[in-house]
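*Asks:* Please read through the structure below; I'll follow up with questions.
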Amino acid sequence: MSVSCSVRRVGTLLVCALGSWLLTAGTSLAQVSCPSAAPASFDVREDPFNLSAEERDAVLDVVHAFALTWDLRDRVNLPLLFIDGDAATGFSFSVCTSAGGVGGTGTRIIVAASRRQVAEYFGQETPPGPFKYVEDGALQARHLISNAVVKSHTAGDVKVVADLLVTLQSYNVTTETLPVVDYTGMIEAVLTKEWGGVWKFRKLAIYMDVPYPLNGASFRGR
């Protein structure tokens, strides 16, 4: 099976790197149902969980740090934003395709059940993971998070829902002069305090707005 990608295709950063990773990671990690549907609504009523302004800022710092460490291709610090847990402690990192609309349940094309698996996915060299893919392609990714809302989830946990826009800029200015939109979507995160009172991801799901065929010989945008 080959993986064919283009910077002018939607979702190349995530899906092309992901596609080659899945070829060696095993089918058990691919094409399983998403943990839930992408959020179709969000309760904006007063939250009974009294989170201070300082705590909210600390939570959002973790969410934005995920975007920044991805853009900086920081193989060391990005996994450290997640708790040192596994599936037994509720750990989950998922990337889901769209089912064709807000609130739809798509296909989960990647799932990591531990911090170690998150590190393996982002740091993989051969075949290239997301960081190696942009390095080999002389590309710069920018993950822009907006409209972030913090709400209570369960005792001690908080949930964050936000919009996500990803762009790619080629360093080859002779052929690519402007950044292109790679994909849009939403993120849904559950954070909890780990040792020392530091907020970290327990769960993180990325819901892409576009569906992808996963059974063909190539991983392309629409």
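The values are calculated or read from the model by the stated rules, or taken from the named source; none is laboratory data. Everything numeric here is computed off the predicted structure, so don't read it as measured data. Here Cβ is always computed from backbone atoms with ideal geometry, including for glycine, and neighbour counts include all displayed protein chains.
*Asks:* Is one or more of the residues making up the stretch 177-192 of a type in the set (D, E, K, R), surrounded by 18 or more Cβ atoms within 10 Å (Cβ to Cβ) and within 28 Å of Glu54 (Cα to Cα)?
*Replies:* Step one: filter the stretch 177-192 for residues of a type in the set (D, E, K, R), giving 182, 188.
Next, from what is left, pick out any that are surrounded by 18 or more Cβ atoms within 10 Å (Cβ to Cβ): 182, 188.
If we keep only those that are within 28 Å of Glu54 (Cα to Cα) too, we end up with 188.
Yes: the stretch 177-192 contains one or more residues that are of a type in the set (D, E, K, R), surrounded by 18 or more Cβ atoms within 10 Å (Cβ to Cβ) and within 28 Å of Glu54 (Cα to Cα).
*Asks:* Further, regarding this structure: Taking the stretch 158-174, which residues are outside any loop (DSSP other than H, G, I, E, B) and either polar (S, T, N, Q) or in contact with a helix residue (DSSP H, G or I) (Cβ under 7 Å, 6 or more places away or on another chain) (or both)? It would help to see each step written out before you state the result.
*Replies:* From the stretch 158-174, those outside any loop (DSSP other than H, G, I, E, B) are 158-170; that's our starting set.
Listed by number, the residues that qualify are Val158, Val160, Ala162, Val166, Thr167, Leu168, Gln169, Ser170.
*Asks:* Another one. Tell me which residues, restricted to the stretch 122-142, are within 15 Å of Ala67 (Cα to Cα) and surrounded by fewer than 20 Cβ atoms within 10 Å (Cβ to Cβ).
*Replies:* Gln140, Arg142
*Asks:* Same structure again: Tell me, which residue of the stretch 33-48 that is among the hydrophobic types (A, V, I, L, M, F, W, C) and surrounded by 15 or more Cβ atoms within 10 Å (Cβ to Cβ) is modelled with the lowest pLDDT? Steps first, please.
*Replies:* Keep residues of the stretch 33-48 that are among the hydrophobic types (A, V, I, L, M, F, W, C), which gives 34, 37-38, 40, 42, 44.
From what is left, the residues that are surrounded by 15 or more Cβ atoms within 10 Å (Cβ to Cβ) are 34, 37-38.
Values: Cys34: 68, Ala37: 62, Ala38: 67.
Checked the stretch 33-48; the qualifying residue modelled with the lowest pLDDT is Ala37.
*Asks:* Moving to a separate point now. Quick test of your reading of the structure: Lys200 fulfils all but one of (1) at pLDDT below 90; (2) crowded, with 16+ Cβ neighbours inside 10 Å. Name the failing condition by number.
*Replies:* The number of the failed condition is (1).
*Asks:* For the stretch 114-149, which positions are hydrophobic (A, V, I, L, M, F, W, C) and within 14 Å of the chain's Cα centre (by Cα)?
*Replies:* Val118, Ala119, Phe122, Phe131, Ala141, Leu144, Ile145
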